[in-house]
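Participant: The structure follows.
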């Protein structure tokens with residue numbers, strides 16, 4: 001190991017430990033989900049529906065840099081609504 005790496009290695013372990021703790025603390029505040037009785041949907045503990053919305057951009061691999069920038073700006077704008 002290089003001297004630089006030996007100096008940084010403990011800080012990376014500490015950072016990973018702290019981030020894992022933050023993740024667990026945040027997960028405790030999220031609603032518990034289960035599969036609906038008919039097996040087709042996600043619902044909260046009280047049976048109310050849970051909307052899971054995701055977005056992928058696999059075609060981004062073929063986009064120009066300008067297209068990627070436009071896409072990122074649009075997604076960022078939608079997220080702040």
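Every number in this text was worked out from the coordinates using simple rules, so none of it is lab data. These numbers come from a predicted model, not from an experiment.
Participant: With a ≥ b ≥ c the root eigenvalues of the C-alpha gyration tensor of the stretch 34-81, is it rounded (a/c under 1.5), prolate (a/b larger than b/c) or oblate?
Facilitator: In terms of gyration-tensor shape, oblate.
Participant: Full extension from residue 45 to residue 79: what is 0.36 nm times the residue separation minus their Cα-Cα distance, to one decimal in nm?
Facilitator: My answer for the length gained is 9.6 nm.
Participant: Please work out how much length the chain gains when fully extended from residue 56 to residue 34, using 0.36 nm per residue of separation minus the C-alpha to C-alpha distance, in nm with one decimal.
Facilitator: 5.5 nm
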